[in-house]
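Peer 1: Supplied in structure tokens, the structure appears directly below.
Quick note: the coordinates plus some simple rules give every number you see, no bench work behind them. Remember, predicted model here, so these are calculated numbers, not experimental data. In this analysis, Cβ positions are derived from the backbone assuming ideal geometry, glycine residues included, and neighbour counts consider all displayed protein chains.
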């Protein structure tokens with residue numbers, strides 16, 4: 001398991017090309033082998049891509065500068081969610097055809113053939129998610145292995161509800177990857193993005209996810225609590241905690257709710273807040289300790305939310321604690 005100090009590279013991958021063959025090869029390395037043709041409706045090919053990557057997820061801004069047809073066929077090992085930032089695109093994934101525009105994304109299922117047409121002014125946010133990450137997240141919810149790929153609805157409304165929240169999560173994840181945030185910050189954001197995809201868009205396992213969870217087990221709860229208390233800095237996600245407990249995410253959440261009245265995530269957050277408080281209290285003036293450094297080290301990526309939670313728990317701001325050490 002990665003340590004809390006391990007980071008992703010802060011340097012994004014950049015692709016700029018006006019040569020069709022060169023652009024096709026470089027884009028294929030970032031995503032997967034695919035065909036790329038200019039459809040002749042005006043504009044000059046001017047591919048511009050900037051991508052931020054972790055081991056199992058890529059967030060990229062992609063434009064071609066002219067109208068193109070993209071034919072990746074079957075993605076096999078990953079899902080791709082395309083969100084137009086401007087312009088529009090038409091996506092055929094299997095037998096489903098979706099018109100995408102700002103606020104309406106297209107989910108590319110990996111087991112179906114895909115063909116896309118991008119308008120000349122189209123620029124999209126392309127989110128590539130490893131199929132293994134989707135499978136692990138779903139297995140954690142169900143408490144058992146899945147024997148087939150999840151099939152999502154191709155069209156996804158991103159203007160409200162969970163879809164809108166997913167876009168904000170992806171932006172926070174992009175910012176975290178760009179800043180070289182540690183795994184303790186990145187991995188929960190990846191899990192959150194996948195959880196929002198699984199709950200915000202209809203898919204082939206939705207009915208099983210919404211069934212009643214099995215009864216909570218005290219042993220499962222205790223096992224997770226001991227792990228968190230021993231090492232709050234470990235880059236744990238809820239799915240990790242469920243696997244360690246030998247149960248599903250929903251069963252673990254039910255156990256925490258029944259026994260403690262909080263979620264596993266809240267328990268982990270409280271443990272980390274306690275470690276932040278301890279560091280701030282013990283900091284020496286000549287160490288030049290900053291609140292942001294300590295908060296990031298313990299997994300708090302959003303400083304305003306961290307400060308609000310800290311003040312609620314300790315009755316003062318973290319900077320006040322540090323200033324009165």
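Peer 1: If R0 is 35 Å, what FRET efficiency do you get for residue 168 and residue 281 from their C-beta distance, rounded to 0.05?
Peer 2: Computed FRET efficiency for residue 168 and residue 281: 0.60.
Peer 1: Using the 10 angstrom Cβ neighbour count as an exposure proxy, how do 79, 314 rank, fewest first?
Peer 2: Ascending Cβ contact count within 10 Å gives the list 314, 79.
Peer 1: Using a 10 Å cut-off around each Cβ, can you sort 55, 190 from fewest to most neighbouring Cβ atoms?
Peer 2: Placing the least packed residue first, the sequence is 55, 190.
Peer 1: Remind me, relative contact order of the stretch 209-323 in percent, using alpha carbon pairs under 8 angstrom and six or more residues apart?
Peer 2: Here the relative contact order equals 23 percent.
Peer 1: Related question: Which of the three applies to the stretch 31-75, rounded, prolate or oblate, going by the alpha-carbon gyration tensor with a ≥ b ≥ c and a/c under 1.5 meaning rounded?
Peer 2: oblate
Peer 1: Here's another thing I want to ask about it. How would you rank 176, 54, 292, going from fewest to most other Cβ atoms within 10 Å of each one's own Cβ?
Peer 2: 292, 54, 176
Peer 1: Pull out the extension gain between residue 199 and residue 316, defined as 0.36 nm times the separation in residues minus the alpha carbon to alpha carbon distance; nm, one decimal.
Peer 2: Full-extension gain reported as 38.5 nm.
Peer 1: Hey, with R₀ at 35 Å, roughly what FRET efficiency would residue 74 and residue 259 work out to, going by the Cβ-Cβ distance, to 0.05?
Peer 2: About 0.20, to the nearest 0.05.
Peer 1: What residue among 280, 27, 208 has the largest mean-square fluctuation in a Gaussian network model of the chain, using Cα springs under 10 Å?
Peer 2: Of 280, 27, 208, the most mobile in the Gaussian network model is 208.
Peer 1: Let me ask you something else. For the modelled label position 7 Å from the Cα of residue 99 along Cα-to-Cβ, which residues of the stretch 36-52 have backbone nitrogen atoms closer than 12 Å?
Peer 2: none
Peer 1: According to the Cα gyration tensor, what semi-axes, each the square root of 5 times an eigenvalue, does the equivalent ellipsoid of the stretch 13-200 have, listed from largest to smallest in whole Å?
Peer 2: 26, 18, 16
Peer 1: 222 nm [θ] for the chain, helices only, -39500 (n - 2.57) per DSSP H run of 4+, per residue, to 500?
Peer 2: Mean residue ellipticity at 222 nm (helix-derived): -13000 deg cm²/dmol.
Peer 1: Going by the alpha-carbon gyration tensor, a ≥ b ≥ c the square roots of its eigenvalues, is the stretch 176-293 rounded (a/c under 1.5) or, if a/c is not under 1.5, prolate (a/b greater than b/c) versus oblate?
Peer 2: The shape class here is oblate.
Peer 1: Sticking with this one: Give me the distance in nm between label points sitting 7 Å out from Cα along the Cα-to-Cβ direction at residue 210 and residue 55, one decimal.
Peer 2: 3.4
Peer 1: Moving on to the next point. Please say if the chain is rounded, prolate or oblate, where rounded means a/c under 1.5 for a ≥ b ≥ c the square roots of the C-alpha gyration tensor eigenvalues, and otherwise the choice is prolate for a/b larger than b/c and oblate otherwise?
Peer 2: Oblate, since a/c reaches 1.5 and b/c is not below a/b.
Peer 1: Still on this structure, please answer the following. Stretch residue 289-residue 21 to full length: gain in nm at 0.36 nm per residue minus the Cα-Cα span?
Peer 2: Stretched out fully, the residue 289 to residue 21 stretch lengthens by 91.4 nm.
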